[in-house]
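Notes to accompany the following structure.
The values are calculated or read from the model by the stated rules, or taken from the named source; none is laboratory data. Keep in mind that what you see is a predicted model, and the values were worked out from it rather than measured. Cβ placement follows ideal geometry from the backbone for every residue including glycine, while neighbour counts extend to all protein chains displayed.
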Amino acid sequence: MINNFFKPLLIALVGVFLMGLLGLSACSERNTSKAVYVLVDTSGTYSQQFDKVGSVVRYLLGVLQPGESLALARIDSESFSETDIVARVTFDLRPSMANSQKRALIETLDEFGKTIKPSKFTDITGGVLQAIEYLNETAAGDKTILLFSDLMEEVKKGQVRDFPISFNGIKLVAINVTKLQSDNVDPREYQKRVDEWAARVEQGGGHWKMINDLNRLDNILQ
Amino acid sequence: MTFDFWSNLVEGQPGVSLLISISLLMLIMYVARQQAHQIIMTLARSIRNALRMMSQSIMYAERQLRARNREVLMAQGQEHAERFVEREFQRVETLVNRDLSGYPSLQRDLKEQITRIDEDYVQSGEVPPKPPEWLKAVETVAEIHDNGSPVVSKILTDIHGTLKKSLDKNMQEYRKANRERHGLLKKMMPYWRSLGNTLNSVEKKITGLEQRSMIIDGQMQSYEEIRNQSDHAERMLSSSSMTQFFISGLALCLAVVGMYVNFQLVALPMQEMVGAASYLGNSAIRASDVAALFVISIEVILGLFLMDSVGVTRLFPIVHLLEDHKRKIIFWVILCILFIFASIEASLAYMRDMLAADREALSQMLLGAEVAEPPLRWIPAVGQMIMGFTLPFVLTFVAIPLESFIHSFRTVGGLFLSWVLHVVVVLIRFIANLIYGIGRTLVSAYDLVIFIPLRIEQIIKPATTTVAEERAEPVRSELVQGAEAEQVKDT
């Protein structure tokens with residue numbers, strides 16, 4: 001008789017358990033996870049803007065969830081290289097571990113800000129290529145490159161950078177695109193630089209966005 | 001055959017063409033009048049009859065549903081009354097076992113007390129002292145004359161003294177005996193009190209039993225009414241069922257709120273176990289939320305079985321077929337499992353507090369503010385732990401409103417469905433009458449369109465008018481008969 005009682009109880013418990021297992025086994029990481037690659041121009045004209053990079057990265061650390069990725073890299077004379085990646089992290093699925101990783105990243109960011117050295121040339125294309133490579137490896141659903149630069153590319157002699165780039169759905173957000181002194185002489189140069197990059201991104205299958213007002217950081221990842 | 005065609009029958013004369021067209025149309029309609037009327041009325045009547053049949057079928061289903069509702073209501077009421085009477089009898093049995101099982105010893109005590117009191121009473125009775133045996137001899141000696149003899153006088157004086165002494169002694173003994181009697185009567189007082197208390201307790205027990213028997217009598221009367229399937233019993237049960245439905249529904253809503261609070265306590269720390277970025281398929285449902293719901297569901301199921309095992313609910317009839325000691329075993333087993341779950345939840349709630357604090361600290365750090373430990377941080381942590389521990393036990397009581405809700409839903413749902421069917425019947429009948437009315441209106445409208453030829457027919461050919469009327473008569477009579485029959489059916 002006691003077995004007759006335990007039978008429905010066991011069936012109910014096992015049913016719920018199996019449903020739970022089934023539900024959990026059907027769980028997977030959603031392809032809407034984000035991956036962000038922050039590219040920081042360290043050329044002579046732009047290296048003084050690092051405090052703005054710090055505030056944006058802090059904002060990103062608050063927004064990004066466990067399982068999502070963030071990388072910080074500099075743009076110098078030869079940017080198409082892993083050595084230019086200052087920090088890269090895919091946050092752990094456990095929130096407590098993810099928080100620890102975020103704290104460590106802040107420390108790395110502060111350290112990088114102190115040791116930043118202005119570069120002679122500005123290889124933006126190389127940095128963007130490196131960013132695309134990293135973002136494609138993350139297999140995230142929403143990939144974004146944040147580009148802190150004045151968009152003035154100066155490459156070494158012999159470097160080939162004048163070719164189309166395949167963005168394949170990646171968003172490129174140019175943040176705090178500063179004006180050069182020469183832009184004051186002829187503002188069309190500034191507009192030309194911006195338009196050229198916008199066209200290059202759009203033609204490569206990417207999405208272009210420019211944000212100069214850092215009070216509207218919530219627009220960055222939208 | 002467009003409008004242009006009909007308006008250009010005569011070249012350049014659209015007015016004349018239209019007139020000819022309309023005249024032709026009227027002529028055709030006049031010729032086909034009887035058939036057209038029949039078609040319209042047949043169609044209207046067919047639709048009305050089909051709808052009527054449909055409404056009758058639904059009415060039959062409604063009657064069946066009402067009968068079924070009544071059966072369910074009566075069966076539930078009967079079961080409830082049986083359970084109530086059974087429970088009352090159990091209480092009476094408990095009372096009898098507890099209080100009246102000691103009745104023989106009580107009776108013995110009472111008898112002993114009464115015997116003691118009786119004995120004491122008998123002993124306390126006043127026994128008059130017997131006169132001394134030598135009193136007669138003394139009387140005889142006292143009658144002797146001394147004749148002035150000093151010897152005799154001395155003897156008599158001695159006798160007097162002896163008598164006095166004897167009387168004093170007797171008086172003292174009498175007083176002593178009286179004292180003893182009063183002492184015995186005083187000793188009887190506690191026995192009397194004890195006897196009074198015993199009788200009072202007996203009276204209370206008997207009164208309790210009397211009250212129980214009155215309750216049982218009342219319940220038995222309603223049980224009889226239910227068994228007799230009386231209308232009063234149906235109304236009473238129906239009202240009771242509606243009340244139960246709303247009360248249990250409210251209780252279930254509150255239970256859902258409790259489950260939501262429980263879910264909030266568990267969901268965040270579950271992210272530490274199953275990961276925060278795992279989702280159910282491609283949906284936006286987090287795996288941690290599913291896991292939290294899973295834990296809460298198990299607790300609720302255990303609660304249902306726990307309540308069944310102690311006999312509070314009867315969701316699973318098989319539980320009540322078990323013997324009492326087996327149910328006790330099951331109760332303790334489930335209680336132990338619930339205790340484990342409650343402990344897990346308490347620890348998860350504590351972890352939740354830690355995670356929240358960590359997240360808050362990180363947010364402050366990201367904002368560049370000084371990370372400070374808030375004062376009395378332990379209070380919410382302990383509060384959450386207590387909630388996490390107690391909520392699984394509180395959720396076990398969901399079984400009670402759930403059972404009431406399920407039982408009352410059967411009858412309330414049946415009543416609602418019956419009401420819906422009734423509304424459908426009314427609607428169908430309304431539509432049927434409407435369609436029939438439209439048919440009759442169309443017939444009249446048809447005649448209105450061809451009123452000119454009809455009028456001409458009436459003026460020019462009075463004789464043929466009768467023929468035309470005869471032609472129209474069947475249709476008209478059908479209309480009238482149909483309308484009258486409709487009115488009779490409606491009434």
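Among the residues examined, B:Ala284 qualifies as in a loop (DSSP other than H, G, I, E, B), among the hydrophobic types (A, V, I, L, M, F, W, C) and either more than 9 Å from chain A (Cβ to nearest Cβ) or farther than 20 Å from B:Arg359 by Cβ (or both).
Let me confirm something: among B:Gln264, B:Gln271, B:Gln244, which residue is in contact with a Pro (Cβ under 8 Å, 6 or more places away or on another chain), assigned to a helix (DSSP H, G or I) and of a type in the set (S, T, N, Q)? Full working, then the answer.
Working: B:Gln264 fails: in contact with a Pro (Cβ under 8 Å, 6 or more places away or on another chain); B:Gln244 fails: in contact with a Pro (Cβ under 8 Å, 6 or more places away or on another chain).
None of the others qualify; the one that does is B:Gln271.
Kindly establish whether A:Phe148 is touching a residue at least 12 places away in the same chain (Cβ under 8 Å) and touching a Gly at 6+ places or on another chain (Cβ under 7 Å). Against the criterion (touching a residue at least 12 places away in the same chain (Cβ under 8 Å) and touching a Gly at 6+ places or on another chain (Cβ under 7 Å)), A:Phe148 does not qualify. Residue selection: B:Arg70 satisfies the criterion of being under 20 Å from the mean Cα position of the chain (by Cα) and at pLDDT 85 or above. Any idea which residue in segment A:84-135 is nearest to the other protein chains (Cβ to nearest Cβ), counting only those that are more than 23 Å from A:Asp150 (Cα to Cα) and of a type in the set (Ser, Thr, Tyr)? Applying the filter and picking the extreme gives A:Ser96. The conditions of being over 30 Å from B:Thr207 (Cβ atoms) and under 30 Å from the mean Cα position of the chain (by Cα) are met by B:Gln76.
For (1) farther than 29 Å from A:Thr138 by Cβ; (2) of a type in the set (A, V, I, L, M, F, W, C); (3) at pLDDT 85 or above; (4) in contact with a Gly (Cβ under 6 Å, 6 or more places away or on another chain), each residue gets a yes or a no:
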| residue | (1), (2), (3), (4) |
| --- | --- |
| A:Val155 | no, yes, no, no |
| A:Lys171 | no, no, yes, no |
| A:Lys192 | yes, no, yes, no |
| A:Trp197 | no, yes, yes, no |
| A:Gly205 | no, no, yes, no |
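Filtering A:Ser81, A:Ser33 for residues that are at pLDDT 60 or above, out of contact with any Phe, Trp or Tyr (no Cβ under 9 Å at 6 or more places or on another chain), farther than 29 Å from B:Val300 by Cα and more than 11 Å from chain B (Cβ to nearest Cβ) leaves a single hit, A:Ser81. Would you check if B:Arg98 is of a type in the set (Lys, Arg) and surrounded by 12 or more Cβ atoms within 10 Å (Cβ to Cβ)? It is false that B:Arg98 is of a type in the set (Lys, Arg) and surrounded by 12 or more Cβ atoms within 10 Å (Cβ to Cβ).
The residue that is surrounded by the fewest Cβ atoms within 10 Å (Cβ to Cβ), counting only those in segment B:7-29 that are touching a residue at least 12 places away in the same chain (Cβ under 8 Å) and out of contact with any Leu (no Cβ under 7 Å at 6 or more places or on another chain), is B:Leu27. Applying a threshold of 9 Å to beta carbon distances and a minimum spacing of six or more residues, or different chains, the list of pairs starting in segment B:294-309 at a residue that is at the interface with chain A (Cβ under 9 Å from one of its Cβ atoms) and ending at one that is hydroxyl-bearing (Ser, Thr, Tyr) reads B:Leu302/B:Thr396; B:Leu304/B:Thr313; B:Leu304/B:Thr396. Filter segment B:337-379 for residues that are closer than 30 Å to A:Thr108 by Cβ and away from chain A (no Cβ under 14 Å); which is farthest from the chain's Cα centre (by Cα)? Of everything passing the filter in segment B:337-379, B:Glu370 is farthest from the chain's Cα centre (by Cα).
Residue-by-condition table, conditions (1) of a type outside the set (Phe, Trp, Tyr); (2) within 26 Å of A:Arg188 (Cα to Cα):
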site	(1), (2)
A:Leu60	yes, no
A:Gln65	yes, no
A:Ala71	yes, no
A:Phe80	no, no
A:Gln130	yes, no
A:Val160	yes, yes
A:Pro164	yes, yes
A:Phe167	no, no
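Considering segment B:319-336, the residues that are at the interface with chain A (Cβ under 9 Å from one of its Cβ atoms) and surrounded by fewer than 14 Cβ atoms within 10 Å (Cβ to Cβ) include one that is farthest from B:Ile406 (Cα to Cα), namely B:Glu323.
For segment B:261-311, a residue qualifies if it is acidic (Asp, Glu) and closer than 30 Å to B:His325 by Cβ, and the qualifying residues are B:Glu299, B:Asp308.
Please verify whether segment B:281-294 includes one or more residues that are in contact with a Pro (Cβ under 9 Å, 6 or more places away or on another chain) and within 17 Å of B:Leu265 (Cα to Cα).
Just the residues of segment B:281-294 that are in contact with a Pro (Cβ under 9 Å, 6 or more places away or on another chain), to begin with: B:288, B:292.
Those still in the list that are within 17 Å of B:Leu265 (Cα to Cα) too: B:288, B:292.
Looking through segment B:281-294, at least one residue is in contact with a Pro (Cβ under 9 Å, 6 or more places away or on another chain) and within 17 Å of B:Leu265 (Cα to Cα).
Could we say that B:Ala267 is closer than 17 Å to B:Ala349 by Cβ, within 14 Å of chain A (Cβ to nearest Cβ) and hydrophobic (A, V, I, L, M, F, W, C) here? Answer is yes for this residue.
When A:Arg58 is tested against (1) within 14 Å of chain B (Cβ to nearest Cβ); (2) among the basic types (Lys, Arg); (3) within 11 Å of A:Val36 (Cβ to Cβ), just one condition goes unmet, and that condition is (3). The condition of being in contact with a Ser or Thr (Cβ under 9 Å, 6 or more places away or on another chain) and touching a residue at least 40 places away in the same chain (Cβ under 8 Å) does not hold for B:Leu100.
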